[in-house]
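The values are calculated or read from the model by the stated rules, or taken from the named source; none is laboratory data. This structure is a prediction, so every number in the text was calculated from the model and none was measured. When we count neighbours, we look across all protein chains shown, and the Cβ atoms used for this are built from the backbone with ideal geometry, even at glycine.
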Amino acid sequence: MCLALYLAASQELPVIGWDDTNPAFHVIRLPQNAEGVRKQFSSEYVYYAASQQGCSCAFNYEHEYDSIGELKNYLRNALICVDQVEMFACQAGAEEQEKQHAVVTSPEGIALAEFFFKDGQHLVIRGGKEAPRATEAEKCLQRVTQPVPFPKGGDASLIHAKHATSAPLCLGLS
């Protein structure tokens, strides 16, 4: 029986279609025959992820090849838009089974040679140690680079401008 790997997120994730003529890593919307897996997730948008083999088995057995690297990169990119991605691994056809294992890890964690998706495993994928810092820095950059509105109908005068303060622009980065 093949491994089936499902992903879920709080907003839509990019779909990478399956091509019979050029098999490759793909992430598709949840197939109708796997609707039962929705009970495993708190997130609304659910997908099926598979390798060039057409199933998810290669994510466990081909760590030296591209499959797990492509999944890792997909998750890293997804975490730019969402705080976490949920995953559920099971044998194909056993999507409604009870959760047997729970793991919180990162995209890099699933790509380690010693990592193995287990039957009935629920995973929460979050960014690594640097992700929160980068996210805060991005928010800071957005605040700092926003244009300052000028008063309508009047002269923009530097005399009326507010004086700089010693307060940091980005909390937590000083």
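Buried (at least 17 other Cβ atoms within 10 Å of the Cβ) and β-branched (Val, Ile, Thr): is that true of residue 104 in this structure? I'd like the intermediate steps shown before the answer.
Working: buried (at least 17 other Cβ atoms within 10 Å of the Cβ): no; β-branched (Val, Ile, Thr): yes.
Here the answer is no, as residue 104 does not meet what is asked.
Of the conditions (1) surrounded by fewer than 20 Cβ atoms within 10 Å (Cβ to Cβ); (2) without any contact (Cβ under 8 Å) to a residue 60 or more places away in the chain; (3) under 14 Å from residue 82 (Cα atoms), residue 11 satisfies every one except a single condition; which number is it?
Only one criterion in (1) surrounded by fewer than 20 Cβ atoms within 10 Å (Cβ to Cβ); (2) without any contact (Cβ under 8 Å) to a residue 60 or more places away in the chain; (3) under 14 Å from residue 82 (Cα atoms) is unmet by residue 11, namely (2).
Give, as residue ranges, the strands (runs of 3 or more DSSP E) completely inside the stretch 2-89 that count at least 3 residues that are among the hydroxyl-bearing types (Ser, Thr, Tyr).
45-50
Are any of the residues in the stretch 20-31 within 13 Å of the chain's Cα centre (by Cα) and of a type in the set (Ser, Thr, Tyr)?
Residues of the stretch 20-31 within 13 Å of the chain's Cα centre (by Cα): 27.
Still in the list and also of a type in the set (Ser, Thr, Tyr): none.
Within the stretch 20-31, not a single residue is within 13 Å of the chain's Cα centre (by Cα) and of a type in the set (Ser, Thr, Tyr).
Is it true that residue 48 is farther than 22 Å from residue 1 by Cβ and either surrounded by 16 or more Cβ atoms within 10 Å (Cβ to Cβ) or of a type in the set (A, V, I, L, M, F, W, C) (or both)?
no
Any residue in the stretch 23-41 that is exposed (fewer than 13 other Cβ atoms within 10 Å of the Cβ) sitting within a Cβ distance under 8 Å of a residue that is part of a helix (DSSP H, G or I)? List the pairs, counting only those 6 or more apart or interchain.
From residues that are exposed (fewer than 13 other Cβ atoms within 10 Å of the Cβ), there are no pairs.
Taking the criterion of being of a type in the set (Ser, Thr, Tyr) and touching a helix residue (DSSP H, G or I) at 6+ places or on another chain (Cβ under 7 Å), would at least one residue in the stretch 7-17 satisfy it?
no
So, in the stretch 77-100, how many residues would count as being in contact with a His (Cβ under 7 Å, 6 or more places away or on another chain) and modelled with pLDDT under 95?
Qualifying residue count, the stretch 77-100: 1.
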